[in-house]
Amino acid sequence: MQSQTQSLWPRRFACLCLGNDNNRIRTTLPNNKRRTSKALRVRAMRAVVQRVASASVEVEGRIVSEIGPGLLVLVGIHDSDSDADADYICRKVLNMRLFSNEDTGKAWDHSVMQKNYQVLLVSQFTLYGFLKGNKPDFHVAMAPQRAKPFYASVVDRFRNAYNSDAIKDGVFGAKMKVNLINDGPVTMQLDSQSPKNTVDAAES
């Protein structure tokens, strides 16, 4: 009886082994054959959206951009990002219902556009950092030479989709001091190609 139980074990269970580099998953199949596949990694444009009472960006002691009520959006660009990712983030940020409807008293009812509020965009490659030991690594972020024009196209998308005067941004590649008063606090993260967002994008 004991030998029968042991012989059935490989058919009931599969072993998943992650390599040290987290690049591959090894699977033990019921027929004892092994196969490898690339581990799923986030490959998307990332935005951290904060509802603010006010926000500003300072470079070398000078305020270069500031807004009143609205959204502060930190934008992380992945090396594989495309125009489709930028379109998704732009549309979702501008239509996120993060504000109350003062007429009805309903929370989470109005978007930044419905409130005629402002948006402050700040490029932040560290959103795609991860730790190797205790040291941050940013190699999956898009290289600056490609990221600068791509980020500029993201800003243009926001301006074309909304009111250009309501869209502000920082200085790409500069050392910035970002000041904000988070209203709530309310903070949300968007990834352009997560499985749920892919379905959502197809339906909306």
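The values are calculated or read from the model by the stated rules, or taken from the named source; none is laboratory data. Remember, predicted model here, so these are calculated numbers, not experimental data. Methodologically, a virtual Cβ is constructed for each residue, glycine included, from the backbone with ideal geometry; neighbour enumeration extends over all protein chains shown. Just the protein is used for accessible areas: all its heavy atoms, side chains included, with ligands, DNA and RNA removed. Shrake-Rupley method; radii C 1.70, N 1.55, O 1.52, S 1.80 Å.
Pairs meeting the criteria (first residue in segment 173-185 and at pLDDT 95 or above and open to solvent by 80 Å² or more (accessible area, probe 1.4 Å), second residue in a strand (DSSP E or B) and of a type in the set (Asp, Glu), beta carbons under 7 Å, at least 6 apart or on different chains) are Lys177/Glu58.
Say we look at segment 118-132 and pick out the residues that are of a type in the set (A, V, I, L, M, F, W, C) and either open to solvent by less than 40 Å² (accessible area, probe 1.4 Å) or without any contact (Cβ under 8 Å) to a residue 24 or more places away in the chain (or both); which of these is farthest from Met45 (Cα to Cα)? Filtering first and then ranking leaves Leu131.
What strands (runs of 3 or more DSSP E) lie completely within segment 94-185 and have 1 or more residues being farther than 19 Å from Ser56 by Cα?
130-132, 135-137
Annotation: of all residues in segment 57-93 being in a helix (DSSP H, G or I) and among the charged types (D, E, K, R), the one that is surrounded by the fewest Cβ atoms within 10 Å (Cβ to Cβ) is Asp83.
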